[in-house]
Amino acid sequence: MLPSLEANVKKPDVRGSCSNILGQAHRFIGVAEYVVHRNVAAFQQELSLSARCRLGLLDRYEAGEQISVSYVAMTGGYQALLDALAAFDDETAIKLAQKLGGRPTIESEHDHPFDLAFGYALKGCVLGAEDAVKLVLDFQKCCECRENWDFRGYSSALKIAMNVDGISVAECIDLIIRGHGNQCKRNGVFAGTEDEVLCVWGVGIVNLLRWRGVNVDSSHVLLPGALLRPWRNGSVR
């Protein structure tokens, strides 16, 4: 279906739905390429293309096109940012982070408080914003709620990224993987999606840690070391 999806995007895609669907397709293909064929390059390429589809929607919206406001809300945006980080497409990650947020009317209608907290904390960490620590701590408080319990590993990871005292890196990875497994069941966030077989969010967040100079690794099948970016001793930012 990919050729037809690409053709649809070249037609008048007034509201952006075709670009959104194409982005979802690239993401699915990327995960499938790694899980089925262990093709790391294809995973990175497809996840990067997926993230760029979301970036394109944000660019078009800012240029005044009549893009559906749901495509410029925080939820899809920070998830695309995690995809860019998973692909270690730094350029796209930074551009996405710069364009996310700042749309309170849209966010109040289309984003859950959890997604807003996660999105702004992730944005702050990627950009090294002055208020990043505050945003991360706000996200941590959000994850202390019972309904968000399975995402504590992500708030812990962002604390590590910002040099805030907390649990160890190993405990953080364990929390991410256990929480991910829970969210693949029943009505979980990842149930029925390609994320059941690969923790893409986890790959993205660990790559962010490695980007910021944290020596972290994983050998779990859901968060494989083969998908992690090269680690440098010291922050690259």
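The values are calculated or read from the model by the stated rules, or taken from the named source; none is laboratory data. Since this is a predicted model, take the numbers as computed values, not measurements. A quick note on method: Cβ atoms are made from the backbone with ideal geometry, for glycine too, and the neighbour counts reach across all protein chains shown. Accessible surface is based on the protein model in full, side chains and every heavy atom, while ligands, DNA and RNA are left aside. Shrake-Rupley method; radii C 1.70, N 1.55, O 1.52, S 1.80 Å.
Here are the numbers for this structure:
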quantity	calculated
Helices (runs of 4 or more DSSP H) wholly inside region 58-139 containing at least 3 residues that are open to solvent by 30 Å² or more (accessible area, probe 1.4 Å)	90-99, 104-110, 113-127
Tally of residues being open to solvent by 60 Å² or more (accessible area, probe 1.4 Å), touching a helix residue (DSSP H, G or I) at 6+ places or on another chain (Cβ under 9 Å) and assigned to a helix (DSSP H, G or I) across region 140-181	7
Given (1) in a loop (DSSP other than H, G, I, E, B); (2) open to solvent by 10 Å² or more (accessible area, probe 1.4 Å), number of the condition Val216 does not satisfy	(2)
Those residues of region 182-194 which are open to solvent by less than 50 Å² (accessible area, probe 1.4 Å) and either under 24 Å from Cys125 (Cβ atoms) or among the charged types (D, E, K, R) (or both), in sequence order	Gln183, Phe190, Glu194
Matching residues, region 189-210, being free of Cβ contacts under 8 Å to residues at least 24 places away in the same chain and either assigned to a helix (DSSP H, G or I) or not aromatic (Phe, Trp, Tyr) (or both)	Val189, Ala191, Gly192, Thr193, Glu196, Arg210
Pairs with Cβ under 8 Å, 6+ apart, first in region 140-167 and among the β-branched types (Val, Ile, Thr), second assigned to a helix (DSSP H, G or I) and surrounded by fewer than 20 Cβ atoms within 10 Å (Cβ to Cβ)	Ile160/Val169; Val164/Val133; Val164/Leu137
Filtered residues of region 28-52 (kept if open to solvent by 30 Å² or more (accessible area, probe 1.4 Å) and touching a residue at least 40 places away in the same chain (Cβ under 8 Å))	Phe28, Ala32, Val35, Arg38, Val40, Gln44, Gln45, Arg52
Hey, Arg15 touching a residue at least 12 places away in the same chain (Cβ under 8 Å), of a type in the set (D, E, K, R) and either in a helix (DSSP H, G or I) or open to solvent by less than 20 Å² (accessible area, probe 1.4 Å) (or both) or not	no
